[in-house]
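Undergrad: Below is one structure. I have some questions about it.
Bear in mind that the values in this text are calculations on the coordinates, not laboratory data. Source: prediction; values computed, not measured. Cβ placement follows ideal geometry from the backbone for every residue including glycine, while neighbour counts extend to all protein chains displayed.
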Amino acid sequence: MSKALLGWRELKPGGIIEEPGNSSKRLTGDWRTFKPVINQDKCTRCLRCWIVCPEPAISVVDKQYSWPNGRSWKFTVEVNYDYCKGCGMCVEECEPKAIDWVEEVK
Amino acid sequence: MSQMAKPFFRTVYDVPREEYFAPGHGLCAGCTAGTIVKLLLKVAGPNTIVVNATGCVEVSTTPYPYTSWEVPWIHVAFENTAAVASGIESAIRVMKAKGRLDPSKQINVIALAGDGGTYDIGLQALSGMLERGHKVMYVLYDNEAYMNTGIQRSGSTPEFAWTTTTPVGSVLRGKVQQKKPISDIVAAHKIPYVATANPGYFADMMTKFKKGLETNGPSFVHVIQPCTTGWKFDPRYGIVLSRLATETGIWINWELENEQFRVTVPVPRRKPVRDYIKMQGRFSHLTDQDIEEIQKIVDQEADRINKMVGRTVIGPVVEQ
């Protein structure tokens with residue numbers, strides 16, 4: 001993050017940024033004070049959190065997961081804590097209350 | 001046209017997994033603009049050129065030398081979003097005619113602007129674009145003030161709302177004027193597609209984006225965007241509040257497709273506007289009488305919509 005700024009010789013004409021989506025180098029995860037933790041045993045994979053996440057820090061990954069009662073899911077919802085700003089919109093949207101709101105302790 | 005009536009997005013499983021909006025942008029925690037832009041790009045896909053007016057989304061997604069956009073994107077001033085989008089669309093049309101681009105390739109041109117850049121500053125460029133009939137989708141994310149520069153009033157700010165330029169004190173009690181009905185003004189241009197949308201109803205919103213992109217001509221989608229900083233509510237309630245706007249009838253999700261008016265999210269039992277107003281700090285000075293006044297205006301608007309549709313789509317207020 002704390003890299004030196006580009007000098008004028010290195011700048012592209014017109015201020016073009018040649019690398020799409022390079023803001024992912026900025027880790028905004030240090031903004032948060034509370035973090036959402038998905039309880040995979042409660043998560044019904046409705047994907048509401050994935051839809052509302054404004055970051056987007058929540059992703060759907062093809063990872064098998066089985067509930068203790070034997071029901072298995074082909075995909076899992078994961079939070080990327082490098083980017084999650086801790087707004088809590090996913091916690092509010094979660095219908096089965098599967099996302100815990102945990103204070104960040106360092 | 002009968003095909004168009006079918007919803008494109010019905011459930012979360014219709015939403016593509018690809019992301020074209022990268023994380024690491026500087027939007028406030030809990031800013032619903034992130035949700036709107038993310039879903040917009042999911043609908044539009046990679047063959048898209050975005051023309052972005054100055055505003056929250058522009059400032060926070062492109063802190064030079066970084067960008068959150070994975071599609072071609074250009075920043076323009078407040079006043080010329082629609083003009084630049086028109087130029088890009090015309091260039092694509094000419095290059096297709098000259099054979100420099102594959103004519104069968106669909107390239108979406110999206111103009112994205114906030115309420116300041118649309119209601120106030122960019123209105124004449126927008127009107128010109130609509131009149132000339134460029135095939136551009138104009139997306140307006142409406143956070144009801146100039147949030148980017150520090151919460152100044154705009155033409156979109158509703159009556160009684162606190163902003164830094166309509167302060168609350170012994171003389172003024174928030175904004176004096178009403179919110180400008182921008183979608184009605186755009187609809188008066190008789191363009192093929194006008195819609196109002198709400199991120200709380202994501203399938204409805206994405207369907208409208210899709211319809212807008214598939215329209216052969218200009219289209220306009222007006223999206224409400226609750227602003228945690230300017231409206232003064234807890235960041236976690238962004239989506240709850242936008243849904244509440246529809247549930248109370250303050251925000252009506254409609255679409256006007258080829259002169260056919262349709263309310264896409266009917267509200268059979270409306271909640272009182274108090275529920276919506278009490279959640280926001282910008283309305284914290286309101287008395288019961290003021291809320292009553294707002295309720296009256298919302299009732300009138302609901303009546304007008306019901307008359308236009310010809311049946312009751314926005315129902316009466318029911319205390320819950």
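Undergrad: If I take all pairs of Cα atoms in region A:52-106, what percentage of them are more than 14 Å from each other?
TA: Taking all Cα-Cα pairs of region A:52-106, the fraction more than 14 Å apart is 63 percent.
Undergrad: Name the residue, out of B:Leu140, B:Leu101, B:Leu130, whose mean-square fluctuation peaks in a Gaussian network model built on chain B with Cα pairs under 10 Å.
TA: Its mean-square fluctuation being the largest, the pick is B:Leu101.
Undergrad: Over 19 Å between Cα atoms, which of A:Lys63/B:Lys42; A:Lys35/A:Lys74; B:Lys232/B:Lys278 qualify?
TA: Details: A:Lys63/B:Lys42 22 Å; A:Lys35/A:Lys74 25 Å; B:Lys232/B:Lys278 11 Å.
Distance filter (> 19 Å) returns A:Lys63/B:Lys42; A:Lys35/A:Lys74.
Undergrad: If the viscosity is 1.567 mPa s and the temperature 4 °C, what translational diffusion coefficient in µm²/s does Stokes-Einstein give for region A:8-84 when Rh comes from Kirkwood over Cα pairs?
TA: 85
Undergrad: Using only atoms on other chains, find how many Cβ atoms lie within 10 Å of each Cβ of peptide B:55-67 and report the average.
TA: Mean inter-chain Cβ contacts per residue within 10 Å come to 3.
Undergrad: Please label the shape of region B:159-234 as rounded, prolate or oblate, based on the square roots a ≥ b ≥ c of the eigenvalues of the alpha-carbon gyration tensor (a/c under 1.5 means rounded; beyond that, a/b larger than b/c means prolate, else oblate).
TA: The shape class here is oblate.
Undergrad: Tell me the label-point distance for the pair A:Trp31, B:Arg311, using the 7 Å Cα-to-Cβ offset, in nm and rounded to one decimal.
TA: 4.5
Undergrad: Another question about this same structure. Quick one: which residues, 5 or more positions from B:Tyr138 or on another chain, have an amide H under 5 Å from its amide H? H modelled 1.01 Å from N in the peptide plane, none for Pro or chain starts.
TA: B:Ala111, B:Ser219, B:Phe220, B:Val221
Undergrad: Would you mind computing, in nm to one decimal, how far apart the modelled labels at A:Ala4 and B:Glu214 are, each placed 7 Å from Cα along Cα→Cβ?
TA: Inter-label distance under the simple model: 5.4 nm.
Undergrad: Short version: ³J(HN,Hα) in whole Hz for each residue of region B:212-225, in order, from phi by Karplus 6.51 cos²θ - 1.76 cosθ + 1.60 (θ = phi - 60°), x for Gly and Pro, what are they?
TA: My calculation for region B:212-225 gives x, 6, 8, 6, 8, x, x, 9, 9, 10, 9, 10, 6, 9 Hz in order.
Undergrad: At 1.306 mPa s and 10 °C, plugging the Kirkwood radius over alpha-carbon pairs of chain B into Stokes-Einstein gives what diffusion coefficient in µm²/s?
TA: 79
Undergrad: Counting Lys +1, Arg +1, Asp -1, Glu -1, what net charge surrounds B:Lys96 among other residues with beta carbon under 13 Å of its beta carbon?
TA: Values: positive: B:Arg93, B:Lys98, B:Arg100, B:Lys105, B:Lys135; negative: B:Glu89, B:Asp102.
The answer is +3.
Undergrad: Just tell me the longest site-free run in chain A, where the sites are GluC sites (Glu not before Pro) in a DSSP loop having at most 10 other beta-carbon atoms within 10 Å.
TA: On the way: sites that count: A:Glu10, A:Glu18.
The longest uninterrupted stretch comes out as A:19-106.
Undergrad: In nanometres, what is the gap between the two model label sites at B:Arg262 and A:Glu18, each 7 Å from Cα along Cα-to-Cβ?
TA: Each label point lies 7 Å from its Cα, and together they span 4.7 nm.
Undergrad: Just rank B:His134, B:His75, fewest to most, by other beta-carbon atoms within 10 angstrom.
TA: Sorted ascending by nearby Cβ count, the order is B:His75, B:His134.
Undergrad: To make sure I understand the rule: partners must be lysines, Cα under 17 Å from the Cα of B:Lys105, and not fewer than 8 residues away in the same chain. Which ones qualify?
TA: B:Lys96, B:Lys135, B:Lys210
Undergrad: Could you let me know the centre-to-centre spacing of region A:31-106 and region B:168-189, using Cα atoms, in angstrom?
TA: 39
Undergrad: Give me the dipole magnitude in Debye, nearest 20, for region B:250-301 about the Cα centre, with unit charges on the beta carbon: positive for Lys and Arg, negative for Asp and Glu.
TA: In debye, rounded to 20, region B:250-301 gives about 300.
Undergrad: If you don't mind, there's one more thing I want to ask. Using alpha-carbon positions, what is the distance between the centroids of region B:207-283 and region B:85-152, in Å?
TA: That distance is 21 Å.
Undergrad: Only residues of region B:164-181 count here: report those whose backbone N is under 12 Å from the spot 7 Å along Cα→Cβ of B:Gln152, or say none.
TA: From region B:164-181, the list is B:164-166.
Undergrad: Sticking with this one: How many partner chain Cβ atoms sit within 10 Å of a residue's Cβ in peptide A:88-96, on average, as a whole number?
TA: Averaged over the peptide's residues, the number is 4.
Undergrad: With a 10 Å Cβ neighbour count serving as the proxy for reagent exposure, in which order, fewest first, do B:Thr11, B:Thr118 appear?
TA: Going from sparsest to densest Cβ surroundings: B:Thr11, B:Thr118.
Undergrad: Write out the cysteines belonging to chain A for which the nearest other cysteine Cβ is not under 4.7 Å, or none if no such cysteine exists.
TA: Here A:Cys43, A:Cys46, A:Cys53, A:Cys84, A:Cys87, A:Cys94 come out as lacking a disulfide-compatible partner, given the Cβ-Cβ threshold of under 4.7 Å.
Undergrad: On to the next question. Within 14 Å, Cβ to Cβ, of B:Val265, how many net charges do the neighbouring residues add up to if Lys/Arg are +1 and Asp/Glu are -1?
TA: Working: positive: B:Arg10, B:Lys208, B:Arg243, B:Arg262, B:Arg269, B:Arg270, B:Lys271; negative: B:Asp204, B:Glu247, B:Glu255.
Cβ neighbours under 14 Å give a net charge of +4.
Undergrad: Let me ask something additional. Which of rounded, prolate, oblate describes region B:1-106, given a ≥ b ≥ c as roots of the alpha-carbon gyration tensor eigenvalues and a/c under 1.5 marking rounded, otherwise prolate only if a/b is larger than b/c?
TA: Values: a/c = 1.92, a/b = 1.11, b/c = 1.72.
Verdict is oblate for region B:1-106.
Undergrad: Kindly express, to the nearest 10 degrees and within the range 0 to 90, the angle between helix B:238-247's C-alpha long axis and the longest C-alpha principal axis of chain B.
TA: That helix lies at roughly 70 degrees to the long axis.
Undergrad: Alpha carbons only, please: Rg and Dmax for the protein assembly as shown, in angstrom.
TA: When restricted to the Cα atoms of the protein assembly as shown, Rg and Dmax are 21.7, 66 Å.
Undergrad: Compute a Gaussian network model of chain B, connecting alpha carbons closer than 10 Å, and tell me which residue from B:Phe283, B:Phe78, B:Phe261 fluctuates the most.
TA: Answer for the Gaussian network model of chain B: B:Phe261.
Undergrad: For chain A, modelled as a GNM with alpha-carbon contacts under 10 angstrom, which of A:Arg45, A:Arg71, A:Arg32 fluctuates the most?
TA: Looking only at A:Arg45, A:Arg71, A:Arg32, the biggest GNM fluctuation is shown by A:Arg71.
Undergrad: Now, a different point. Can you put B:Trp231, A:Trp67 in order of Cβ neighbours within 10 angstrom, beginning with the fewest?
TA: Going from sparsest to densest Cβ surroundings: A:Trp67, B:Trp231.
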